[in-house]
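A short write-up of the structure that comes next.
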Amino acid sequence: MGSVSVVIPVYNRSVELRRAIRSVLTQSYADLELIVVDDASSEDIAGVVDDIADKRLRLIRKPVNQGAASARNTGIEAATGRWVAFLDSDDEWLPHKLERQIERLAPRPKGARICCSGYVILHVQERRAREFHPADWHGTARQLVWGCNLSPGSTLVAERACFDEIGLFDVALRRFEDWDWLLRYLRRYPIAIEPEVLARINKDNMPSHSSVLGSLELLRAKHQEALSAQSWRLGRKFQSSLLVEEAAAAFYARQFLHTTTLLSRALLAYPFRNRAFYAMLARRLGSLAYLPGTMPLPGGAPGRFGKVSERAEQ
C-alpha cells in the first residue's frame, strides 16, 4: 500500500505498456502502488505484468471492454492511497513527476485538490514534438472552455476522496471524459499547476468519427447551459470549441466540405479570436507544417524538444 495509487488503463498495447510501467516504478517518489487495469485486451497483458517483479504492481482484468473512463474508474475504486495518479498506457513519465506534483499539492494551494503538470506531446506520424508549460490560468474555467490542453489522462494527480465528492469519470463518454471531469471539478475547487514538463504524451492515431460526435453531444448537454449561465462569453466560447472539435473529426474523416461549414459556425459562435486560436486550429486539424516553436523529432526518438508558447485566448 502506497500513499499514491497510480492507475494505468490498457487495451492491447502490451509493448507500450512495458515502457509506461517502467516509468512509474522508477519514480523518485517510491511510496506508490501501481494498478494496471486491462480493459478486456486480446493481447497478453497478464504476461507483461508477470514479467515485472515488483510487489507494488498489480493487475485487474475487466471481462468486457468498456473504454478508458470505465477502466480508470475501476482503478480509482481499487486504489488504497491518499492520492490517485493516472498514466495512459502509451505514455510515460519523467523520473521526478510524482515528487514534483506531491510537493506542489502538499500546502493545498488555494484549496486545490488536484494537480496537472507540463508535458511534451510527440506527434509520431508527423515526426514533430511540442512542449506545453501550463501557467496557473490554464487551470481555470475561462481557459478550459477552449479544450482540455492539460492532458489529465497522463498528468493528473488527485486526492482519492475528491472522486467521492465530484464523481467518477463518465463512462458514457468514449472521448473527452477528462475534459468533462475537470469542468465538473472546477465548479468547486481550483487546479494546482506544475509547469515543468513531467510526462511524454505519444499521439499516434485519430479517434473514430462516431465516438467523437457522440461524446461532443453529451458534453454539450452536460455543460453548455451551466457555462452560459455563468456568462455569455463562457457559453459562446464553449459552443465554439465543441464545433472546432467536431470540425477536426470531420477533417480526419475526409469530410472536407463539412469541415469548412463547422469551422464557419465555430467562428460565428465566437468571432473574437487571437493568434493562439489559429495555432490551436492547425494542431487540431493535424497540419503537417511545423508550427512556430516546434521542432522535428530527430530520428523519431524522444530527445531535445522545441518549446512552444501558449497564449491566452480572449
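Please give the FRET efficiency for Ala78 paired with Ser264, using the beta carbon to beta carbon distance and R0 = 45 Å, rounded to the nearest 0.05.
With R0 = 45 Å, the Cβ-Cβ based efficiency is 0.45.
Could you give me the percent of Cα pairs per 5 Å distance bin for region 65-135, shortest bin first, beginning at zero and ending with the bin that holds the maximum distance?
Histogramming region 65-135 at 5 Å steps yields 3, 11, 19, 21, 20, 16, 8, 3, 0 percent.
Label Glu165 and His96 with points 7 Å out from Cα along Cα→Cβ: what is the distance between them in nm?
3.0
Starting from region 6-55, pick out the trypsin sites (Lys or Arg not before Pro) whose DSSP state is loop and whose Cβ has at most 13 other Cβ atoms within 10 Å.
Lys55
Over what distance in Å are the Cα centres of region 92-154 and region 1-56 separated?
The two parts, judged by their Cα centres, are 21 Å apart.
Can you quote the Å³ per residue value for the convex hull of the Cα atoms in region 209-271, rounded to an integer?
55
Once you have the Cα-Cα distance between Lys110 and Arg188, take 0.36 nm times their residue separation minus that, and quote the gain in nm to one decimal.
Numbers: separation 78, 0.36 × 78 = 28.08 nm, distance 1.17 nm.
Stretched fully, the Lys110-Arg188 segment lengthens by 26.9 nm.
Quote the Stokes-Einstein diffusion coefficient, in whole µm² s⁻¹, for region 4-203, based on the Kirkwood radius over alpha carbon pairs, a temperature of 37 °C and a viscosity of 0.692 mPa s.
Reported coefficient: 196 µm²/s.
Every number here is computed from the coordinates shown, using simple stated rules; none is lab data. Remember, it's a predicted structure, so these values are computed and weren't measured experimentally. Every residue, glycine among them, receives a Cβ derived from its backbone with ideal geometry; neighbour counts consider all protein chains shown.
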